[in-house]
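What follows draws every value from the coordinates through simple rules; no lab data is involved. Nothing here was measured: the structure is a model prediction, and the numbers come from that model. Cβ placement follows ideal geometry from the backbone for every residue including glycine, while neighbour counts extend to all protein chains displayed.
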Amino acid sequence: MSAVDKCLFCDIANKTIPAEIIYETKNVIAFHDINPEAPLHCLIIPKMHIATINELDAKNSFVVAYLYEAAAEIADKYNVAKEGYRVVMNCNKDAGQTVFHLHLHLLAGRKLSWPPG
Ligand code: 5GP
Ligand code: ZN
C-alpha cells in the first residue's frame, strides 16, 4: 500500500477512526462490526496492513495464528465458546470482501445456517 492510500482498518488499528474495541495485543485488534449479522459479530484484524488472503506469505502469515488465538479468547470472554461460533474470512469480490485489510469475522449468539449463501 502506498503512503497516499487510505485504509479504514489501518485507521481503526491506529485509533484515528473510532471503533468499539474489545481485544488488543501487540499484533492484533478486534472490534464490533458496525453492521452486525449476529448478536455477537466482531472483526479481528492484524495491525499490519495485509489487503487479502492472497497477500499472505512466509513473512507475514504468522499473524493468522494470532487472529485465531484472539477468536478463542473473545469466544471465551463472551461465553459463546461452548454453544459455538463461526469465523469467516472473505477474499475478493466473489466472497463479498468490501474492506481490503485482512479481517476475520467472528459470529455467534444464534444458530448459523450452513452452507453460507
Ligand atoms: P467484508 O465484507 O470485507 O468481509 O467485511 C467488512 C466488514 O466491515 C462488514 O461486515 C462491515 O459491516 C464492517 N465495517 C465496514 N465499515 C466499518 C466501520 O467503519 N467500522 C466497523 N466497526 N465496521 C465496519
Ligand atoms: Zn490497512
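Which whole-Hz ³J(HN,Hα) couplings does the range 49-57 yield from phi under the Karplus relation 6.51 cos²θ - 1.76 cosθ + 1.60, θ = phi - 60°, glycine and proline marked x?
6, 9, 6, 8, 4, 4, 8, 6, 8
Name the cysteines of the chain that stand alone by the Cβ rule: no other cysteine Cβ under 4.7 angstrom.
Taking the Cβ cut-off of 4.7 Å, the unpaired cysteines of the chain are 42, 91.
Residue-wise, which Karplus ³J(HN,Hα) couplings in Hz belong to the range 58-72, taking 6.51 cos²θ - 1.76 cosθ + 1.60, θ = phi - 60°, and x for glycine or proline?
Those phi angles translate into 5, 7, 10, 5, 4, 5, 5, 4, 5, 4, 6, 4, 4, 4, 5 Hz.
I'd like the GluC sites (Glu not before Pro) in the range 21-117 restricted to DSSP loop residues with at most 16 other Cβ atoms within 10 Å, sorted by number.
Answer by residue number: 37, 83.
For labels at residue 114 and residue 77 in the simple 7 Å Cα→Cβ model, what's the distance in nm?
2.6 nm
Could you give P(r) for the chain, binned at 10 Å from zero, as whole percent values over all Cα-Cα pairs?
Cα pair-distance distribution for the chain, in percent: 13, 46, 34, 6, 0.
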